[in-house]
1. Run the dipole for the range 342-457 about the Cα centre, Lys and Arg Cβ at +1, Asp and Glu Cβ at -1, nothing else charged, and hand back the magnitude in debye, nearest 20.
2. May I ask you to list the chymotrypsin sites (Phe, Trp or Tyr not before Pro) in the range 307-409 that are in a DSSP loop and have at most 10 other Cβ atoms within 10 Å of their Cβ?
3. Not counting ligands, DNA or RNA, and with a 1.4 Å probe, what is residue 271's accessible surface area in Å² rounded to the nearest 10?
4. Can you compute the charge dipole magnitude of the chain about its Cα centre, using +1 on each Lys and Arg Cβ and -1 on each Asp and Glu Cβ, nothing else charged? Give it in debye, rounded to the nearest 20.
5. Could you give the spread of the C-alpha atoms of the range 82-211 along their three principal axes, from largest to smallest, in whole angstroms?
6. What's the Kirkwood radius of the chain in Å, using all Cα pairs?
7. Tell me the angle of helix 139-154 to the major Cα principal axis of the chain, expressed in degrees between 0 and 90 and rounded to the nearest ten.
8. How far, in degrees from 0 to 90, does helix 374-386 lean away from the longest principal axis of the Cα atoms of the chain, to the nearest 10?
Amino acid sequence: MSHLVMQQPAGVQPGYDEPMTDASLPLVARIVQDLIRFDTSNFGGGKARGEQPAADYIAEFLREQGLEPVVIGPPASVDGPARPSVIARWAGSDSSLPPLLLHGHTDVVPADPTHWSVDPFGGVIKDGYLWGRGSVDMKNMLGLILANLHDFTAHGIRPRRDVILAFFADEEAGGPQGAQWVVRHHPELLADAKVAISEVGGYSVQLPNGRRAYLVQTGEKGHTWIRLHASGTAGHASAWNRDNPVTKIARAVAAIGAYEWPIELTETTRTLLDRLRDLADLPESASPEEVLAQAGHATAFLSATIRNTSNPTVIDAGYAQNVIPASAEAKIDLRPLPGREDEVFAKLRELIGDEIDIEIIEQGIGYESPFAGEVIEAITKTLAEHDPEAAVLPYLLNAGTDNVSLSQLGITGYGWVPTKVDADFDFPGSYHAVDERIPLSALEFGQAALGDFLRRF
Ligand SMILES: [Zn+2]
């Protein structure tokens, strides 16, 4: 699997600032590197390079550790490659406890190599980082899981409870060929799990006063993707026409795009703001925006979680400059806070009036879980051991993950990929970004923290 060889001066111990050969890398980094080298690009709408080679690699790894993986998913067809997910059960020391679902996705968003400073699928090690598409989202987590399985097995250790390991295809397109497919066709593979751990969360941020905090994702906003449709009277563009659908759609799009949704706090964001305000030594009177400004690189991410958002993304109308068309369309990406779907819809109707039709193309409902209970306690205790000075904060993700599909089976999902990074490294900004990379030290921290969590929970 390893085709990258770097020269190492004789007698020099490999440190993270030195060039390292693949063989001198810790196991966790070698696994993530191997996985990055499978180009599992997902272009959306069913178009993908396919996850098969990555699934085969993972299944083989699991078999070597004595597990019996099931590789399952939509087969290859004229429309595209096979979309396998891999699922296996890892026996814990107390099988009477409900199992934990530990999951990640094997696909990645595409990468345009002309914009990157390294080959996005090369698994390059440079400057103490492992570079490549998926190093942050989320082949890193797959590596943390597999390296822990390997080391537990080698030392004859078991997780406290049974762990269902799931490596899903197609997450980046919402999971119709991955998690959603498994939930629909083979729920028995996941059914007795009550709690899941996966992306997006677990990374550290540093406040301006030097305090560090780990963000644990305890909820997700929903998404409602809608199409607006305006009808009108077609005709010559030189005519006096007051029933022009292009004008109508433009008016609706402008109203939606310009609307400033008010700040609305949910249970999660209220807890986040309270704790962050204390950590930052800000007065009670500080506004939500002032408090979130203390969250380092996560500020932009978090600012979308204190309000609904509505962004026009596509306008489609007309076919000739001198012809008024009979209809016009636009697409809007709505992200309602959990439980606010109806409210957002009513506001939208108010903004655009009755002359525009609204069609829902796709909808995922958001959720929130309490920042309390066994999982949160185990996460908090684990982080207290590995980074004693840091705080742990809940947050609401402004996007969606496979946890939304899994919630249909009554599984409560948390985002916790334990990742300790330096204050100047923009981890949240690395998702889907050019030159995506992860510090090697963060992979080792993550493996140790996840391993302790599995023994504890
Ligand atoms: Zn992801």
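1. For this selection, approximately 600 debye.
2. Here the chymotrypsin sites (Phe, Trp or Tyr not before Pro) that fit, given the DSSP loop and packing criteria, are 319.
3. 40 Å²
4. 320 debye
5. 50, 39, 34
6. After inverting the mean inverse Cα-Cα distance, the result is 23.6 Å.
7. Compared with the principal axis, the helix lies near 30 degrees.
8. Once rounded, one gets 60 degrees.
The values are calculated or read from the model by the stated rules, or taken from the named source; none is laboratory data. Keep in mind that this is a model prediction, so the values were computed, not measured. A quick note on method: Cβ atoms are made from the backbone with ideal geometry, for glycine too, and the neighbour counts reach across all protein chains shown. In case anyone asks, the SASA skips ligands and DNA or RNA and just uses the protein heavy atoms, side chains included. Shrake-Rupley method; radii C 1.70, N 1.55, O 1.52, S 1.80 Å.
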